[in-house]
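To keep things clear, I will list the structure first and then write my remarks on it.
Each reported figure results from applying straightforward, stated rules to the coordinates on display, with no laboratory input. Please read all numbers here as calculations on a predicted model, not as lab measurements. In this analysis, Cβ positions are derived from the backbone assuming ideal geometry, glycine residues included, and neighbour counts consider all displayed protein chains.
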Amino acid sequence: MLQKLVLNVSNDCNMRCRYCYAGGGSYGGNRALMTPQIACQAVERVFEHYKNVHTVMFFGGEPILNPDAIEVCCKRVLELYHQRAVLQMPRLGMVTNGLVLSRRMLDIIRRYELLVTVSLDGPAEINDLLRVSCDEKGSFRRIARNIRRTQEATGGREPSRIEATYTSAHHAAGFSVMDLADYFDREFGIRDCHVAPVAVEPGHRLGCRNQLENADVFREAAVQLVESWSTESPRQVFSMLGT
């Protein structure tokens with residue numbers, strides 16, 4: 001069994017996050033989209049070797065820039081399942097910045113029941129310092145609107161997770177990891193979140209001042225999470241990557 005197949009369908013992005021490790025989605029190469037033909041061939045080749053794949057994940061860059069490849073892959077996976085070339089239907093999902101969302105993409109999410117993870121770093125006053133669009137405008141308002149559109153279209157099922165990057169901007173604003181989790185729950189009703197420390201070169205202004213400070217932030221969150229399990233209101237487990 002293959003646990004996860006990740007298809008990088010877009011070596012481009014419509015955002016220029018201040019801490020981006022991927023060169024604005026290009027990963028240091030040419031900006032391009034995977035053709036639907038190549039995407040379909042990739043899926044077929046993998047299923048020639050693995051009859052059971054747990055998850056097929058669309059990634060980038062920004063995958064929503066390439067709905068053609070996403071739709072073709074979803075359709076082909078479903079065909080393979082109906083042909084019994086696949087033992088069980090894989091979960092289909094994507095990680096998106098949520099900046100744009102067409103009616104067509106909403107239809108793809110609904111039709112193939114895509115699991116949607118949205119990248120967001122907190123409320124507008126923090127997020128818009130870090131995650132900016134190519135036109136240098138803040139992104140929060142548009143992302144929040146598209147989260148709610150997706151929730152309306154899927155009966156609240158998606159987005160099912162939010163990913164956030166913890167930086168010195170959060171620390172300076174007095175925002176802890178658990179504060180982020182509480183905010184996403186309160187603002188969007190999304191309790192599953194993945195909070196990771198920012199990955200930047202030493203001395204970068206968005207990095208935590210030292211590794212100990214970074215570790216303490218995540219250690220404190222882990223303690224609070226575990227302590228909640230013995231209360232009447234246990235927190236849902238969310239994943240954290242410490243240093």
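Can you tell me how the chain classifies by the Cα gyration tensor, rounded, prolate or oblate, using a/c under 1.5 as the rounded cut?
prolate
Which whole-number percentage describes the relative contact order of the chain, with Cα contacts under 8 Å and a sequence gap of 6 or more?
In percent, rounded to a whole number, it is 16.
Let me make sure I get this right: for region 14-61, a, b and c are the square roots of the gyration tensor eigenvalues over alpha carbons, sorted descending. Under 1.5 in a/c it's rounded, otherwise prolate if a/b > b/c, else oblate. Which is it?
prolate
According to the square roots a ≥ b ≥ c of the eigenvalues of the Cα gyration tensor, what is the shape class of region 1-87, taking rounded for a/c under 1.5, prolate for a/b larger than b/c otherwise, and oblate for the remainder?
Here region 1-87 falls in the prolate category.
Charges at C-beta only: +1 for Lys and Arg, -1 for Asp and Glu. How large is the resulting dipole of the chain about its Cα centre, in Debye rounded to 20?
Dipole size: approximately 700 debye.
May I ask you to compute the full-extension gain from residue 111 to residue 196, defined as 0.36 nm times their residue separation minus their alpha-carbon distance, rounded to one decimal in nm?
Here the answer is 27.5 nm.
Calculate, in nm to one decimal, what residue 205 and residue 50 gain on full extension: separation in residues at 0.36 nm each, minus their alpha carbon distance.
Here the answer is 51.4 nm.
What percentage of all Cα-Cα pairs in region 114-219 are separated by more than 16 Å?
58 percent
Hey, fewest Cβ within 10 Å first, where do 55, 167 land in order?
With the fewest neighbours first, 55, 167 line up as 55, 167.
For the chain, list the cysteines whose Cβ sits under 4.7 Å from no other cysteine Cβ?
13, 40, 73, 74, 134, 193, 208
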